[in-house]
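One structure is given below, encoded as structure tokens.
Since every read-out is calculated from the coordinates, none of them should be taken as a lab result. On a predicted model such as this, the values are computed, not experimentally measured, just so you know. Please note: Cβ atoms are built from the backbone with ideal geometry, for glycine as well, and neighbour counts cover all protein chains shown.
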Amino acid sequence: MDFHYEYITTSDALREAVDHLRGASVIGVDTEGDSLYSYQEKVSLIQISGGERHFIIDPLLLETVQPLGLLLEERSILKIFHGADYDLVSLKRDFGFNIGPIFDTTLAARALGIREFSLQNLIVRYFQLTLSKTHQKSNWSIRPLPKDQLDYAAQDTAYLIPLYTLLKKEIEEKGRMDQIEEECRLLEAITWSGKSFEPDDYLRIKGARALPPSAQKVLRELAVVRDQLAKKRNRPPFKVISNDDLLKMAKESPRSEEDLKRLFPRETAPVFRNPPLWLNAVSKGLTTTDPLPKIERNGEAPLTPDQEKLLTRLKEWRNKQAEQEGIEPAMVITSGVLREIAKRTPKSAGALREVASLREWQIRRYGEPLLKEISTPPKPSRKD
């Protein structure tokens, strides 16, 4: 599919683009961010296709993109996304946009049992075209943007509307439109849950909780230094130094540059940009009297033996159902929701509705077989 796109960098061009798009009933939307290159990621491009035109809107060059707000919030215009959660969160975080209604082509593809549901794979499947992946990890905040990056960005929405048309037809044929509509309504409410770095965020590092207390204190100080450097350099923390290297230092607690060299034989290791900074952090961690945070437990009581048996039966039912429908088990009901059902052991459709994470479409489609499984007495265990 050949197409021409318009790169929007002025207020007048943005107003004209918005006026044109407001005449469309369906638009495709995507964003590009700079999470791989900045301390605090930001939306760097907004791509929108609709009414036979394709726009790349540049929020880094425009004084404001607020004229897009009314367009994206207009309920008479359906917005098509692929993997909507990231884009919705980003647009809400940076600009306060509350976007809806939406149709997520990722959810639609998974509900149809399509296992390879990336946008590139779907375009190959439906249009026999292969899109370039060259700029998947490019820096979208550089200016001016090279033409090949703009070309790449434009293709992400150029195919969304025809893809939506094909997926919607298949979804309707399978009787799953209620599922997609409910899931997409829930996606509209998604919000950014990020917050500023705090020292106790070291616990987010995989493997941190398994360290002894003394090493955890060192890791906490190392994480503080990494965040300070990341903020100063405007880089993602993982590009300052990796989690693995932080864990290695926390475990070994090097006291000198010689210790660092033994720990990191490669002379270009990130710690050697400023060894005293890291060594001071280690020293502070070893001597601090500040207590470690109390690790919050789930707070949920473990399942009883009978509930465990019910959960096993529910998973067996779910997996068979998924196989019959040709979809992933999680697209029937997730294991987490099944666990909640096993714990509550609901005996009626009304009681099923009290399971907070269970969708209405799931109750309509699977309520009866769920209640049947719950009411079926477990098979007696064989005694040796």
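Applying the criteria of a DSSP loop state and at most 15 other Cβ atoms within 10 Å to the chymotrypsin sites (Phe, Trp or Tyr not before Pro) of segment 1-33 yields Phe3. Note on segment 5-188: along the principal axes its Cα atoms extend 45, 34, 32 Å, ordered by decreasing extent. Partners of Lys261 within straight-line reach, counting lysines whose Cα lies under 17 Å from its Cα and excluding those fewer than 8 residues away in the same chain: Lys248, Lys251. Could you tell me how far the Cα centroid of segment 149-197 sits from the Cα centroid of segment 64-134, in Å? Between the Cα centre of segment 64-134 and that of segment 149-197, the gap is 4 Å.
Qualifying GluC sites (Glu not before Pro) in segment 153-205, where qualification requires a DSSP coil assignment and no more than 11 other C-beta atoms within 10 Å, are lacking entirely. Beta bridges per DSSP, both residues in the chain: antiparallel share near 50 percent.
Mind listing which trypsin sites (Lys or Arg not before Pro) in segment 151-202 are in a DSSP loop and have 15 or fewer other Cβ atoms within 10 Å? It would help to have the intermediate numbers written out before the result.
Values: sites: Lys168, Lys169, Lys174, Arg176, Arg185, Lys195; in loops: Lys174, Arg176, Lys195.
Answer by residue number: Lys174, Lys195.
List the lysines whose alpha-carbon lies under 19 Å from that of Lys92, not counting same-chain residues fewer than 8 positions away? Leaving aside lysines fewer than 8 places away in the same chain, those within reach of Lys92 are Lys42, Lys79, Lys195.
Taken as Cα centroids, segment 314-346 and segment 1-42 sit 39 Å apart, rounded to the nearest whole angstrom. Using a cut-off of 26 Å between Cα atoms, the listed pairs Lys343/Lys372; Lys133/Lys239; Lys309/Lys347; Lys174/Lys309; Lys217/Lys343 include Lys174/Lys309; Lys217/Lys343 as exceeding that distance. Taking only alpha carbon atoms, segment 234-315 gives an Rg to Rh ratio of 1.28, where Rh is the Kirkwood radius. A cut-off under 9 angstrom between Cβ atoms defines the neighbours of Ser132, and their net charge, with Lys, Arg +1 and Asp, Glu -1, is -1. The share of Cα pairs per 5 Å bin across segment 305-375, counted from zero up to the longest distance, runs 3, 18, 32, 29, 14, 3, 0 percent. In terms of its Cα atoms, the chain spans 77, 68, 35 Å along the principal axes, sorted from long to short.
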